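Peer 1: I am attaching a structure below and will ask some questions about it afterwards.
The values are calculated or read from the model by the stated rules, or taken from the named source; none is laboratory data. Here the structure is a predicted model, which is why all the values come from computation and not from measurement. Glycine gets a Cβ as well: all are built from the backbone with ideal geometry, and neighbour counts include every protein chain shown. Accessible surface is based on the protein model in full, side chains and every heavy atom, while ligands, DNA and RNA are left aside. Shrake-Rupley method; radii C 1.70, N 1.55, O 1.52, S 1.80 Å.
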Amino acid sequence: MRKTIIVGNWKMNADKNFIVSFLKEFLLEGASFNAEIVVCPPYPYLSHIERELKDSNIKLLIFEVMPFFL
């Protein structure tokens, strides 16, 4: 049986206030999903979001962006 994974990537389409507000609501609803939940917030907010997700089952993912191909 396959595991369902839901990933949300904000890129730079949000500010800190929106992300914090959204996460608080999402943390309340996230437990009801029968899937692994992963969020990808903008780089400037990673440490803050990591603290917000500390006691949740929601995973944090970061992207490494390189300006060139190897």
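Peer 1: Please identify the pairs in which a residue from region 48-70 that is in a loop (DSSP other than H, G, I, E, B) and open to solvent by less than 80 Å² (accessible area, probe 1.4 Å) has its Cβ atom under 9 Å from the Cβ atom of a residue that is modelled with pLDDT of 85 or more and hydrophobic (A, V, I, L, M, F, W, C), counting only partners at least 6 apart or on another chain.
Peer 2: Matching pairs, first to second residue: Ser56/Ile37; Ile58/Ile37; Ile58/Val38; Ile58/Val39; Leu61/Val7; Leu61/Val38; Leu61/Val39; Leu61/Cys40.
Peer 1: Give the number of residues within region 25-35 that are within 17 Å of Lys54 (Cβ to Cβ) and touching a residue at least 12 places away in the same chain (Cβ under 8 Å). Walk me through how you get there before you give the answer.
Peer 2: From region 25-35, those within 17 Å of Lys54 (Cβ to Cβ) are 26-28, 30-31; that's our starting set.
Filter once more, so that each one left must be touching a residue at least 12 places away in the same chain (Cβ under 8 Å): 26-27, 30-31.
Total meeting the criteria: 4.
Peer 1: Now for a separate question. Please determine, by comparing only the residues of region 11-47 that are among the acidic types (Asp, Glu) and within 26 Å of Met1 (Cα to Cα), which one is surrounded by the fewest Cβ atoms within 10 Å (Cβ to Cβ). Reasoning before the result, please.
Peer 2: So the first thing to find is which residues in region 11-47 are among the acidic types (Asp, Glu), and the list is 15, 25, 29, 36.
This time we only want the ones that are within 26 Å of Met1 (Cα to Cα), so: 29, 36.
Working: Glu29: 9, Glu36: 13.
The residue in question is Glu29.
Peer 1: Among the residues of region 17-36, which ones are under 18 Å from Ser56 (Cβ atoms) and part of a helix (DSSP H, G or I)?
Peer 2: First, the residues of region 17-36 that are under 18 Å from Ser56 (Cβ atoms): 19-36.
Answer for region 17-36, where residues must be under 18 Å from Ser56 (Cβ atoms) and part of a helix (DSSP H, G or I): Ile19, Val20, Ser21, Phe22, Leu23, Lys24, Glu25, Phe26, Leu27, Leu28, Glu29, Gly30.
Peer 1: Hey, another quick one. With (1) touching a residue at least 12 places away in the same chain (Cβ under 8 Å); (2) aliphatic (A, V, I, L, M); (3) part of a loop (DSSP other than H, G, I, E, B) as the list, and Met1 as the residue in question, which single condition is left unmet?
Peer 2: Result: Met1 fails condition (1) only.
Peer 1: Taking only region 4-16 into account, find how many residues are more than 20 Å from Arg51 (Cβ to Cβ) and part of a helix (DSSP H, G or I).
Peer 2: Residues flagged as more than 20 Å from Arg51 (Cβ to Cβ) and part of a helix (DSSP H, G or I) within region 4-16 amount to 0.
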